[in-house]
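What follows is a set of notes on a single structure, which appears directly below.
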Amino acid sequence: MPSLKDLKNRIGSVKNTRKITKAMQMVAAAKLRRAQDAAVAARPYAERMNAVMAGLAASVGQSDSAPRLLAGTGRDQVQLLVVMTAERGLCGGFNSTIVRLARAKATELLAAGKTVKILTVGKKGREQLRRDYERYFVGHVDLTEVKRVGYANAQGIARDVLARFEGGEFDVATIFFNRFQSVISQVPTAQQIIPAKFEAASTNALYDYEPSEEAILADLLPRNVATQIFTALLENGASEQGARMSAMDNATRNAGDMINRLTIQYNRSRQAAITKELIEIISGAEAL
Amino acid sequence: MAVQFDLVSPERRLASVQATEVQIPGADGDLTAMEGHAPTITTLRPGVLKVVATDGIKSYVVIGGFAEISATSVSVLAERAVPIEEATPALMDSFLAEVRDAASIAEDKDAAEKTVADMMALRAATGA
């Protein structure tokens, strides 16, 4: 049975926790707005890019001269997994779901006898993967200092990945991130970026290409990698804030419940103590 | 007598206006798109994009990307795009550094060097 003083301290500390989680929830809500706006603003570019690339890929992709970024190296022996997570915790299952998906993929690939390389973006994923997969780590991108994810960040990651591809370090690259659906639902997603995959091309109007289709494709493929990574980063950003918002909402509610329970316990103990003292006084008086 | 002109960068939409003509710095040379232009897709070299809209002329510095031209619309997807008023020498220097960086890992050295040269010319033209 905790003493009255203990209970009182406990209630005070839970109240403080509730204040903090409440504040974090509100901050996350504000950041979510911004992250969502950024994701929406980036959509026209990504969509248009994808449409044009799909058209080009459909017409050039079959030929032998197709760029390696599209056609691949002809092997799938060495697989690069780019695991994109958050830099911070306290966001519910956000990081864990991504890591779980990546881990499943890595296990599957290893079982199939492939070589796995892991590039981590965001330190939370790195921490979670370290125990089992540290020997597969090939690099890490730190975004701790980045306040707002910009296209330049995506370009940096893309450049790293492309340089490795040029250097023959891997055959297939897949990115892992959380796709934002709503505040309560984020879908962990694996997306293959090298060799590039496109959704079925809609046969659009016949275009003149200047310079040639092949040259345009060669120019745009690396940019497309950056665009896909950028989209993933933005989706991740919105998902992180959404996940944090709902996690903190739950935490606030739990803290409230706990305060109620503790308060009842405190009142009961107080009353019990008073009753006990009264009984002592009365029985003392009767004994005389 | 106008085409729908859109200029988008990965981060945002910079312009969406009715324009009578759009001068595009294409990779194989400048071209002007007006209503009824044959459908064309061209990549961009670093340069200045000029839009003659119904409410005046606007210029943008664009780097990388491509333009999709049809009879009734012009969409420019530029990896970097800023209104020319905002193109300070410092910004242009950072772009130049970026282009050089990209050139160092590019597959096609000739094309990359041309881009760097274009970028330097662009910097000289705007960084007065």
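Amide H contacts of A:Phe137: A:Ile118, each under 5 Å away and 5 or more positions distant or on a separate chain (H built 1.01 Å from N in the peptide plane; Pro and chain starts excluded). Considering helices alone, the calculated mean residue ellipticity of chain B at 222 nm is -9000 deg cm²/dmol, with DSSP H runs of length four and up weighted by -39500 (n - 2.57) and normalised per residue. The Cα center of segment A:239-283 and the Cα center of segment A:67-94 differ in position by 46 Å.
Two decimals is fine: what is log10 I(q)/I(0) at q = 0.08, 0.11, 0.12, 0.15 Å⁻¹ for the protein assembly as shown, from a Debye sum with one equal scatterer on every Cα and no solvent? Log10 I(q)/I(0), no solvent term: -0.54, -0.89, -1.02, -1.38.
Counting Lys and Arg as +1 and Asp and Glu as -1, each charge on the Cβ, what is the dipole of segment B:3-84 about the Cα centre in debye, to the nearest 20?
Approximately 220 debye in magnitude.
Which one of A:Asp257, A:Asp142, A:Asp208 has the biggest mean-square fluctuation once chain A is modelled by GNM with Cα springs under 10 Å? In this elastic network of chain A, the residue with the biggest mean-square fluctuation among A:Asp257, A:Asp142, A:Asp208 is A:Asp208. When the charge dipole of the protein assembly as shown is built from unit charges on Cβ atoms (+1 for Lys and Arg, -1 for Asp and Glu) and taken about the Cα centre, the candidate among A:Val82, B:Val51, A:Thr227 whose Cα reaches farthest toward its positive end is A:Val82.
For B:Gly47, nonlocal amide neighbours, meaning residues 5 or more places apart or on other chains whose placed amide H falls under 5 Å from its own, are B:Val62. With respect to chain A, whose longest principal axis is taken over its alpha-carbon atoms, helix A:94-111 is tilted by about 50°. Helical runs assigned H by DSSP (4 residues or longer) give chain A a calculated mean residue ellipticity at 222 nm of -22500 deg cm²/dmol, each run adding -39500 (n - 2.57) before division by the residue total. Across segment A:278-285, coupling constants 3J(HN,Hα) worked out from phi with the 6.51/-1.76/1.60 Karplus curve, θ = phi - 60°, read 4, 4, 4, 5, 5, 5, x, 5 Hz, and Gly and Pro carry x. For the pair segment B:15-88 / segment A:14-61, the C-alpha centres are spaced 27 Å from each other. Less than 5 angstrom separates the built amide H of A:Val121 from those of A:Val83, A:Met84, A:Thr85, A:Val141, all sequence-distant by 5 or more or on a different chain. Pairs of lysine residues in segment A:22-247 that meet both criteria, 8 or more places apart or on different chains and Cα atoms under 22 Å apart, total 14. Between the listed residues B:Gln4, B:Val17, B:Ala71, the Cα displaced farthest toward the positive end of the dipole of segment B:3-84, a dipole computed from Cβ unit charges relative to the Cα centre, is found at B:Val17. Please determine, in degrees from 0 to 90 and to the nearest 10, the orientation of helix B:89-105 with respect to the longest principal axis defined by the Cα atoms of chain B, where the helix direction is its Cα long axis. Tilt of helix B:89-105: around 70 degrees.
Placing unit charges on the Cβ atoms only, positive for Lys and Arg and negative for Asp and Glu, gives the protein assembly as shown a dipole magnitude near 2920 debye about its Cα centre.
Beta-bridge orientation, chain A: approximately 35 percent antiparallel, per DSSP, counting only bridges with both partners inside. Comparing A:Ala104, A:Ala54, A:Ala272 in a Gaussian network model of chain A where C-alpha atoms under 10 Å apart are linked, the largest mean-square fluctuation is found at A:Ala272.
Each residue of segment A:51-57 was assigned a 3J(HN,Hα) from its phi angle through the Karplus expression (A = 6.51, B = -1.76, C = 1.60, θ = phi - 60°), giving 4, 5, 4, 4, x, 5, 5 Hz with x at Gly and Pro. Applying the Karplus relation 6.51 cos²θ - 1.76 cosθ + 1.60 with θ = phi - 60° to segment A:22-36 yields 3J(HN,Hα) values of 4, 4, 4, 4, 5, 4, 4, 4, 5, 5, 4, 3, 5, 5, 5 Hz, where x marks Gly and Pro. Only Lys, Arg, Asp and Glu carry charge here, each on its Cβ (+1 for the first two, -1 for the last two); on that basis segment A:22-247 has a dipole of about 1280 debye about its Cα centre. As a length-normalised measure over Cα pairs under 8 Å and 6 or more apart, the relative contact order of segment B:3-84 settles at 33 percent.
Only the coordinates and a few stated rules stand behind these numbers; no lab work does. Model, not experiment: these values are computed from the prediction. No Cβ is skipped: glycine too gets one built from the backbone with ideal geometry, and neighbour counts run over all protein chains shown.
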